[in-house]
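The values are calculated or read from the model by the stated rules, or taken from the named source; none is laboratory data. This structure is a prediction, so every number in the text was calculated from the model and none was measured. Note that we place each Cβ from the backbone using ideal geometry, even for glycine, and neighbour counts take in every protein chain shown. The area values use the complete protein model at the heavy-atom level, side chains included, leaving out ligands, DNA and RNA. Shrake-Rupley method; radii C 1.70, N 1.55, O 1.52, S 1.80 Å.
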Amino acid sequence: MKLSIVIPVYNTQDYLRACLDSCLQQEGVKLNEDYEILCLNDGSKDHSLSILREYESSNGIRVVDKLNTGVSDTRNIGLQEAKGKFIWYVDSDDYIAVNAVKPIIDAITNMTEDCLQLNYDYVSDGSLNKITSPQTLHFVTKEQWRGGRSYSMPWLFVINRDFLLDHNLLFDVQLSHQEDTIWRFLYILNRGTVKYSSNVVYGYRQRPTSAMNTKSHEMSKKYNKSLYRMLEIYAEVYKKYPHDELDSIIPNFKEAKIYASSANILFSELRLQERSPKDVITDLKSIEAYPYPMLLSRLSLKYSIATFLVNLFSLGFCYDWYYIAAYNLYGFLKQIKSR
């Protein structure tokens, strides 16, 4: 079997049928011969499992029902359970193009690279704008693919399963956020090669209740914990690999990964206001992630003026007293605002 479409499912009953139907609307290939649809129900509390069972009996998709352990562990189980030579992780609230599987299989059959990177479009929450794949994919250079921008969403990539297994490229279960970023980073670190297609074959649904768009204090705490885990991974890699080798893979590795992660943590702790700023700085100093040179990339208006100002007056200059003063001022202003 050439391809396994692996779909983690958690409480997506309103979108699941559209996702499954899109994976089934594929001409020129046979389900469970050329490709499979492997769905892993991650302890859904809605009617997702009953929908999966319906499609299992009527259409022949494969279903694994498991306790809720999160998307990272679910994808890892999917990798072990998959039968295809290549893996394509698809989110259960998104959908793929009509007749996309055959040109993808044609591409990976003759491909020497480890990974095929696909293209996508954003789609709104309530719409189902069907995408139709061309008969043959068009390939471009990395620089031509969306202007050379880098993305880490796993559904962008159709990856050789043996490459993932041989390099133990699993999703980190300690990360509740940014697990995709670390997974993609480790793929690059292991010198995985990529072939780029400019054809849109994936519909990425934007819905306000998704994990990416849900904001709360508890969610912010989980995000903050993930930032520390990311920094830990980058620091371990920095100790393990020769620095010139790292820079050849990711230019200016220490600034791009370790120092940038340190700044992200400082910014996150500033907003949470739960730990002493001195303790935060001490932790970062213990792994040589602080102080860092001034990160001009942080001083950008591309997010918002408020974010720019907070960056300027808290992270712009890397001095203990500067950050501590900003931390205390931010906390004071936050208290006034809440009254």
- Query: Do you know which residues across the stretch 143-172 are touching a helix residue (DSSP H, G or I) at 6+ places or on another chain (Cβ under 8 Å) and acidic (D, E)?
  - Reply: D172
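Condition test on V201, is it surrounded by 14 or more Cβ atoms within 10 Å (Cβ to Cβ), in contact (Cβ under 8 Å) with a residue 60 or more places away in the chain and not in a loop (DSSP other than H, G, I, E, B)?
Numbers: surrounded by 14 or more Cβ atoms within 10 Å (Cβ to Cβ): yes; in contact (Cβ under 8 Å) with a residue 60 or more places away in the chain: yes; not in a loop (DSSP other than H, G, I, E, B): yes.
The answer is yes for V201.
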- Among the residues of the stretch 36-80, write down those that are under 21 Å from the mean Cα position of the chain (by Cα) and assigned to a helix (DSSP H, G or I). V71, S72, D73, T74, R75, N76, I77, G78, L79, Q80
- Message: Go through (1) out of contact with any Phe, Trp or Tyr (no Cβ under 8 Å at 6 or more places or on another chain); (2) open to solvent by 10 Å² or more (accessible area, probe 1.4 Å) for Y122 and report which single condition fails.
- Response: (1)
- Output the residues belonging to the stretch 42-77 that are of a type in the set (S, T, N, Q) and under 26 Å from D172 (Cα atoms). S44, S48, N68, T69, S72, T74, N76
- Note on the structure: Per the filter on the stretch 157-176, residues without any contact (Cβ under 8 Å) to a residue 40 or more places away in the chain, open to solvent by 20 Å² or more (accessible area, probe 1.4 Å) and assigned to a loop (DSSP other than H, G, I, E, B) are H167, N168
- Scan Y196, Y187 and give me the residue that is in contact (Cβ under 8 Å) with a residue 12 or more places away in the chain, assigned to a helix (DSSP H, G or I) and not small (G, A, S). Y187
- Task: Looking at (1) at positive phi; (2) part of a helix (DSSP H, G or I), find the lone condition where I336 falls short.
- Result: (1)
- Does T136 meet the test of being open to solvent by 80 Å² or more (accessible area, probe 1.4 Å) and among the hydroxyl-bearing types (S, T, Y)? yes
- Message: Kindly evaluate I104 against the criterion of being touching a residue at least 24 places away in the same chain (Cβ under 8 Å) and either part of a helix (DSSP H, G or I) or open to solvent by 10 Å² or more (accessible area, probe 1.4 Å) (or both).
- Response: yes
- Task: Could you figure out which of (1) more than 27 Å from D46 (Cβ to Cβ); (2) open to solvent by less than 20 Å² (accessible area, probe 1.4 Å) isn't true of D114?
- Result: (2)
- Search the stretch 266-291 for residues that are closer than 16 Å to S226 by Cα and pair each with any residue that is of a type in the set (G, A, S) and surrounded by fewer than 16 Cβ atoms within 10 Å (Cβ to Cβ) when their beta-carbon atoms are under 8 Å apart and the residues are at least 6 apart or on different chains. S268/S220; R271/S220; L272/S220
- Only one of L164, L170, L156 that is out of contact with any strand residue (DSSP E or B) (no Cβ under 7 Å at 6 or more places or on another chain) and modelled with pLDDT of 95 or more: L170
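For every residue, the table says whether it meets (1) at pLDDT 95 or above; (2) not hydrophobic (A, V, I, L, M, F, W, C).
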| residue | (1), (2) |
| --- | --- |
| D180 | yes, yes |
| K195 | yes, yes |
| S210 | no, yes |
| M219 | no, no |
| L231 | yes, no |
- Message: Checking the conditions here, which among N41, N59 is farther than 18 Å from W88 by Cα, touching a residue at least 12 places away in the same chain (Cβ under 8 Å) and touching a Leu at 6+ places or on another chain (Cβ under 7 Å)?
- Response: N59
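Do you know which residues across the stretch 139-149 are surrounded by 11 or more Cβ atoms within 10 Å (Cβ to Cβ) and either of a type outside the set (A, V, I, L, M) or under 21 Å from the mean Cα position of the chain (by Cα) (or both)?
Residues of the stretch 139-149 that are surrounded by 11 or more Cβ atoms within 10 Å (Cβ to Cβ), as a first pass: 139-140, 142, 144-146.
F139, K142, Q144, W145, R146 - these are the residues of the stretch 139-149 that are surrounded by 11 or more Cβ atoms within 10 Å (Cβ to Cβ) and either of a type outside the set (A, V, I, L, M) or under 21 Å from the mean Cα position of the chain (by Cα) (or both).
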- Task: Scan the stretch 314-333 for residues that are exposed (fewer than 12 other Cβ atoms within 10 Å of the Cβ) and part of a helix (DSSP H, G or I) and jot them down.
- Result: W321, F332, L333
